[in-house]
Amino acid sequence: MRDEYDIRLKWGESVGDSSGVSGERGFKVDLRIIYDTVRKSKNEVDLANVEVAKPTAPLHKIANDKAKLFIESKCVLDRIVSENRATTSTAVPALQIS
């Protein structure tokens, strides 16, 4: 049986919590750390986003991944603030492994 609140990893190219901020589809990230709320309906809230690349990845891929993580984190933060879920200190970590 699952707890009422769960934190889990969502591996693979998945669209994050930011997809509702701008009305456009959000970015796909390699790993999302998600906070699940299953009270009335399942709701996924991003806690962190991760991009992974091979050590031999070209510089433009690393730069694009970094930009994508910054934008995704900013959109998630905007969504938290717009839904009045922000506490006194709110952060959306992003990790790039390459």
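Read the figures in this text as sums done on the coordinates, not as results from a lab. The structure displayed is predicted, hence computed values, not measured ones.
Amide H to amide H, with H built 1.01 Å from N, Ala53 comes under 5 Å of Ile97, Ser98, counting only residues 5 or more places away or on other chains. The phi-based Karplus calculation (6.51 cos²θ - 1.76 cosθ + 1.60; θ = phi - 60°) puts the 3J(HN,Hα) values of segment 49-61 at 10, 9, 10, 10, 9, 5, x, 9, 4, x, 4, 5, 5 Hz, whole numbers, x for Gly and Pro. Here the Karplus curve 6.51 cos²θ - 1.76 cosθ + 1.60, taken at θ = phi - 60°, turns the phi angles of segment 76-84 into couplings of 5, 4, 4, 5, 4, 5, 5, 8, 6 Hz, with x standing for Gly and Pro. For the pair Asn84 and Val52 in one chain, pulling the backbone fully straight at 0.36 nm per residue adds 8.4 nm over the alpha carbon distance.
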